[in-house]
Each structure stands twice: as C-alpha cells, then as structure tokens.
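I have a structure I would like to understand better, so I am pasting it below and will then ask my questions one at a time.
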Amino acid sequence: MSKPAMRQEQDSLGPVEVPEKALWGAQTQRAVDNFQISGRALPAAFIRALAQTKAACAEANQALGQLPEAVAGAIVAAAEEIVSGEHAEAFPVDVYQTGSGTSSNMNMNEVLARLASTDATSVHPNDHVNRSQSSNDVIPTALHVAASTELEQRLFPALRHLIAVIARREGELTGVVKTGRTHLMDAMPLRMSQELSGWRTQLELDLERIRDTRVRVNRLAIGGTAVGTGINAPAEFGDRVARRLAERTGIEFVREANGFTALASQDTAVELSGQLRTVATSLIKIANDLRWMNSGPLAGLGEIALPALQPGSSIMPGKVNPVIPEAVIMASQQVVGLDAAIAAAGQGGNFQLNVGLPLIADNLLHQVGLLARAAEHLADRAMAGFTVNEAVLKEALDRNPILVTALNAEIGYEAGARIAKEAYASGRPILDVAEEHTDIPRARLEALLDPAVLTDPQDD
C-alpha cells in the first residue's frame, strides 16, 4: 500500500509530517502519534460541545474587541459545521491523552483555523481560535456543556418515557392482586399497580436528583484560563461566553463564580456520575423484578410473561429468555463501573488542575447514552408488553399462610404463628385452618383474610 501524501506543518517543537488532506495540524498529529492506546476518539457529543464553546468564545471575543469581525465570523461558521455533524473524521485524538485534554483542544483549534482561513483571512489556532482561553478552562466547560445537553436531549426523555409506560401499566393492572415478597419469601398481598408504582416513583426520584445536580453542571469553568485567575482573558469574557452558550443551546449556563474550583475540581462531574449510578441501580432492580416475575414458566414464579423476542437456547428448543431485562442489567452494571473510574479520575485534581478530564468526559457521556437506551428498551420491549397470569397469582394468594397477619389484632401473634405453620405443613388454605383454630365465624374470616381488602387496609 502506498504511503498517503504528506505535508509539513510546524509547531513550537519543530516540523511535523501531516497527511495532506487532514484538517488538523502539527499538535494534533503529535497527539495521534503519541497516544495510540484505545483506538477510540472522544464522543461526538463532546466534540459538538467543544465546537459550541469555540463559537461562543469567538462571539465573545468579537464583542469585547479581541477579534476582528471577519475572523470571529469565520470561526463561528466553521464551528457550526462541526456542530451540525460535519468533519467528524477530523477529530482522531485518543481518549487516553494528556489529562487536561490539551490535545483535543488543539485539535479543535487547528481544524477550525484551517476551515476558517481563506485567501483574504488567515486564522491562527492559538492567537485567534484559542483567544482568551486555555485548555484548562475550555475542556471542563465543554464537558459540562456536553453532559447537560445529553441529559436534556437523551436521558430525560428516555426516563420520562419509561415512567409514562409504567404509569399506563399501573392503570391497566389496578385490580390485579398478588402475593408480596420480602427476602424472596411470601409476604402480605399487594396490587400489581402498587408494585409498579414503586418502580415509577424510584425513577421519578432519580430524575429529581439529576435535576438538582444539573444546576451545578450548568456552571462553567470558562474565563478561568490557565489556573483560575483568568490571565489573558477580559474580565467579562467568561460571563459573555456562558450567556452565548445559553442562547445557543437553550440551557441556563452560567459562569462558575470560583474559577479555581472549576479547574482544580471535577466534583460536579463525580456528583452527576453518582446520580447516574443511582439510575442504573433503579433499572437493575426493576429489570431483576421482571426476570423473577417472568421466571419459569412452570418451575418458576410464572406471574407474568415478557414478550417473546428471540429463541433463548442453541440446544433447548422452545426456550425463551428475558433478554431485554438481562441486557438492561448489563448496561446498568457498566454504568456502575464507569462511575468508579470517574470517581478515581475526580481524585486527580492536583493543585490547580484536574488531569483526568478526557476520561471523565468519555465515561460520563457513555453513562448517559447507556442509560437512555436501556430505559427505552425496558419501556418498549419489556414493560409495555408483558402479560399477567392471573390464575397463578390467585392460586398463590389462596394458599398464602402469611395472610394470617391480618388476624393479629383478633387472636395475637403467637396463635397466628401456629395457624400459619399448620397451613404450611398441611398445604391447606389459611382460611380453613383459621376456622378450625379460632372462634371467628367463617364469614368474618373471609372478610378479614380477603387479599384485595388487605392491599388497602385504610379503606376498611
């Protein structure tokens, strides 16, 4: 294979050979050569956010007299091409690079400078595109912009959709009563709608937690430049950039008041990751409940039947497995693992800069994407279509000795325990055993032990 045509670029370390058609320059090429660890570039959502940040910076610089209108306009136009999805191949730098993300910042600077330059206007990656900025404030800014945008556009809609599907199923299953379980053992009855309401509320609380954290995610590091002091940037620069980003995205971005914490700490990203881990925990719980309820169908609980989506075994004909809950659980477990790595990277805030920024950005956006897709799959391919085996539910209710709990006020705990043990040992209905061992009339026992009534005692 012939070697691609090359051109020579120059940076402060000397000349570098760059592929002739590449939009990037010398510093990007050095990063491509130096960092060949994962073979993965930073996510497209991060690249878009970085381009949005550069456009906002160019607009702020022009307004503050730091850039000529022609240069700023050319940078903005080039950045908007990248935001729209063009030139994706121009951002090859590996996730595992310099911890500040300087290589990715310079990759964007070089690409924008090349796209913006014309015969009439020469645009420099550092002097123009990076004006009033440092990688140290730009990369954490882009991280926050990307995370908040992905929450708004992907995770929030997915979770709201799952919540809506569960709420619809609640309405459909209001009259279905089943045996409750604690410690995986028989417990008092509840309505299936009540069980689903627990799942729905878990997810509603997850959304509430993320929204609380997002207030801090929307605070941006821009304006801090190198170490938080704002050296080489006009005093109003950070506020103006935040306002422009808010106008561009519709998200309420503001400048973080303390530039030192914005550069040295990634605690907000760690906090958000923790909230995403909580969402993953909720999805795992819900998916596992569905697996247990679907188990069998003959030798398990067999309470519900999940949609049959594909054959479940390469050797056992007719076997169908709960594939969507299993996939959701694995995706959610991955989110938990990504959170652990983010927490470790968040500890890398040495003095005035965190040096785990690319890892944090990659993992955080990966978490959001996994959870959004997992929630959509759980809603549409499991929750929306499962059917209920009411005969199985009724049989278990009729034989559930734990219903004797409803007689505690009438006969006491010890007498109830004796009745339950005999019902278990004999396999007889609790109603029959209770009638033999108490003076309570059968009609009264039937009322006291009615599972439907027991699901809502306050209505007695």
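Only one of 266, 334, 310 is among the polar types (S, T, N, Q) and in contact with a Pro (Cβ under 9 Å, 6 or more places away or on another chain). Can you tell me which?
266
Assuming residue 414 fulfils every condition listed in (1) assigned by TED's automatic domain parsing to the domain that holds residue 431; (2) in contact (Cβ under 8 Å) with a residue 24 or more places away in the chain; (3) among the acidic types (Asp, Glu) apart from one, which condition is it?
(2)
Does residue 342 meet the test of being farther than 21 Å from residue 166 by Cα and crowded, with 23+ Cβ neighbours inside 10 Å?
It is true that residue 342 is farther than 21 Å from residue 166 by Cα and crowded, with 23+ Cβ neighbours inside 10 Å.
Moving on. Hey, does region 259-273 have a residue that's aliphatic (A, V, I, L, M) and in contact with a strand residue (DSSP E or B) (Cβ under 6 Å, 6 or more places away or on another chain)?
The answer is yes; a qualifying residue exists.
Restricting the search to region 56-85, which residues are free of Cβ contacts under 8 Å to residues at least 12 places away in the same chain and within 30 Å of the chain's Cα centre (by Cα)?
Listed by number, the list holds a single entry, 84.
Condition check ((1) among the aliphatic types (A, V, I, L, M); (2) under 21 Å from residue 55 (Cβ atoms); (3) buried (at least 18 other Cβ atoms within 10 Å of the Cβ); (4) within 28 Å of the chain's Cα centre (by Cα)) across all residues:
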site: 227; (1), (2), (3), (4): yes, no, no, no
site: 233; (1), (2), (3), (4): yes, yes, yes, no
site: 239; (1), (2), (3), (4): no, yes, no, no
site: 245; (1), (2), (3), (4): yes, yes, yes, yes
site: 254; (1), (2), (3), (4): yes, yes, no, yes
site: 257; (1), (2), (3), (4): yes, no, no, yes
site: 261; (1), (2), (3), (4): no, no, no, yes
site: 264; (1), (2), (3), (4): yes, no, yes, yes
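Output the residues belonging to region 382-420 that are in a helix (DSSP H, G or I), modelled with pLDDT of 95 or more and touching a Pro at 6+ places or on another chain (Cβ under 8 Å).
382
Across region 404-460, which residue is nearest to the chain's Cα centre (by Cα) among those that are of a type in the set (Asp, Glu) and closer than 28 Å to residue 193 by Cα? So that I can check it myself, show each step before the final result.
Applying the first criterion (of a type in the set (Asp, Glu)) to region 404-460 yields 410, 414, 422, 432, 435-436, 439, 446, 450, 456, 459-460.
Next, only the ones that are closer than 28 Å to residue 193 by Cα stay: 446, 450, 456, 459-460.
Working: 446: 48, 450: 42, 456: 35, 459: 40, 460: 43 Å.
The selected residue is 456.
Condition test on residue 142, is it touching a Phe, Trp or Tyr at 6+ places or on another chain (Cβ under 8 Å), in the same structural domain as residue 359 (by TED's automatic domain parsing), buried (at least 19 other Cβ atoms within 10 Å of the Cβ) and closer than 25 Å to residue 356 by Cβ?
yes
Assuming residue 28 fulfils every condition listed in (1) under 23 Å from residue 232 (Cα atoms); (2) of a type outside the set (A, V, I, L, M, F, W, C); (3) surrounded by 20 or more Cβ atoms within 10 Å (Cβ to Cβ) apart from one, which condition is it?
Checking residue 28 against (1) under 23 Å from residue 232 (Cα atoms); (2) of a type outside the set (A, V, I, L, M, F, W, C); (3) surrounded by 20 or more Cβ atoms within 10 Å (Cβ to Cβ), the one that fails is (1).
Between a residue in region 27-55 that is closer than 27 Å to residue 153 by Cα and any residue that is part of a loop (DSSP other than H, G, I, E, B), which pairs come within a Cβ distance under 6 Å, given they are 6 or more apart or on different chains?
Close Cβ pairs satisfying both conditions: 40/95; 41/91; 41/92; 42/95; 47/91.
For every residue, the table says whether it meets (1) in a loop (DSSP other than H, G, I, E, B); (2) at negative phi.
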{"site": "197", "(1), (2)": "no, yes"}
{"site": "202", "(1), (2)": "no, yes"}
{"site": "209", "(1), (2)": "no, yes"}
{"site": "223", "(1), (2)": "yes, no"}
{"site": "229", "(1), (2)": "yes, yes"}
{"site": "252", "(1), (2)": "yes, yes"}
{"site": "263", "(1), (2)": "no, yes"}
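Here's a follow-up. Working only within region 301-339, note down all residues that are more than 21 Å from the chain's Cα centre (by Cα), surrounded by 15 or more Cβ atoms within 10 Å (Cβ to Cβ) and in contact (Cβ under 8 Å) with a residue 60 or more places away in the chain. Talk me through it step by step, then tell me what you get.
We begin by selecting, within region 301-339, every residue more than 21 Å from the chain's Cα centre (by Cα); these are 301-322.
After this cut, where a residue has to be surrounded by 15 or more Cβ atoms within 10 Å (Cβ to Cβ) as well, the list is 301-307, 320-322.
Result: 301, 302, 303, 304, 305, 306, 307, 322.
Going residue by residue through region 110-124, is there one that turns out to be within 26 Å of residue 218 (Cβ to Cβ) and either of a type in the set (Asp, Glu) or outside any loop (DSSP other than H, G, I, E, B) (or both)?
The answer is yes; a qualifying residue exists.
Tell me, which residue of region 115-146 that is charged (D, E, K, R) and more than 35 Å from the chain's Cα centre (by Cα) is modelled with the lowest pLDDT?
Across region 115-146, the extreme among qualifying residues is 119.
The values are calculated or read from the model by the stated rules, or taken from the named source; none is laboratory data. Keep in mind that this is a model prediction, so the values were computed, not measured. With ideal geometry, Cβ positions are generated from the backbone for all residues, glycine too; neighbour counts draw on all protein chains shown.
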